[in-house]
1. Evaluate the relative contact order of the stretch 1-118 (contact order divided by residue number), counting alpha-carbon pairs under 8 angstrom at least 6 apart; express in whole percent.
2. Under the rule of -39500 (n - 2.57) per DSSP H run of 4 or more residues, summed and divided by the residues of the chain, what mean residue ellipticity at 222 nm is obtained, to the nearest 500 deg cm²/dmol?
3. In the P(r) worked out for the stretch 59-106, what percent of Cα pairs fall beyond 12 Å?
4. How many times 2.2 N^0.38 Å is the alpha carbon radius of gyration of the chain?
5. Can you send over the carbon and sulfur percentage of the accessible area for the chain, probe radius 1.4 Å, protein chains only?
6. For Ala2 and Asn28, calculate 0.36 nm times their separation in residues minus their Cα-Cα distance, and state this gained length in nm to one decimal.
7. Can you give the extra length, in nm with one decimal, that the chain gains between Glu52 and Glu96 once fully stretched, where that is 0.36 nm per residue apart less the Cα-Cα distance?
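The values are calculated or read from the model by the stated rules, or taken from the named source; none is laboratory data. Predicted model only: the values in this text are computed from it and were never measured. Just the protein is used for accessible areas: all its heavy atoms, side chains included, with ligands, DNA and RNA removed. Shrake-Rupley method; radii C 1.70, N 1.55, O 1.52, S 1.80 Å.
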Amino acid sequence: MAITREQMEAIAQSVQETQGELNVAQNNRGSLRAQLTEVEFVAKELKMLTSEDDGRVFKLVGPIMVAQGLDEARANVNTRLEFIGAELKKADDLVEKLEKKSEQTRMALLQGQQLLMDQMRAQGAAQGK
């Protein structure tokens, strides 16, 4: 099997693009994990509150603190936990998929480089005869 320099360049470009996509996906996953940690902290804080503690919490909406019922705040935080958890699962799956794709394209690049080297050696040997 012969391989051209153009094919090698295309494979190398694919490796770079996949690595870029992987970096973006990993950054997004990191952001989601940070959000999840923050929301889990808020959920723990809300669990410590009881209705005897005035039953109200305050939520920052833009530059304003807005009073919110404790049950409503807990429901909102639980919904947010579910949403972030689902998004984190998607992000994990995407990172796993891109890692596999990256490994496959790197292997294709290595195989292509080996083929190209073999072709160059064969041409050199043919010229040396």
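1. Working: 77 pairs, mean separation 54.2, N = 118.
RCO, the stretch 1-118: 46 percent.
2. Details: 2 runs with 103 residues, N = 129.
About -30000 deg cm²/dmol.
3. Working: 823 of 1128 pairs.
Value for the stretch 59-106 (Cα pairs over 12 Å): 73 percent.
4. Details: Rg = 26.8 Å, N = 129, 2.2 N^0.38 = 13.9 Å.
So the chain has a normalised radius of gyration of 1.92.
5. Details: 5280 of 9500 Å².
With neighbouring chains kept in place, the figure for the chain is 56 percent.
6. On the way: separation 26, 0.36 × 26 = 9.36 nm, distance 3.96 nm.
Roughly 5.4 nm would be gained on extension.
7. Values: separation 44, 0.36 × 44 = 15.84 nm, distance 4.66 nm.
Extra length available between Glu52 and Glu96 comes to 11.2 nm.
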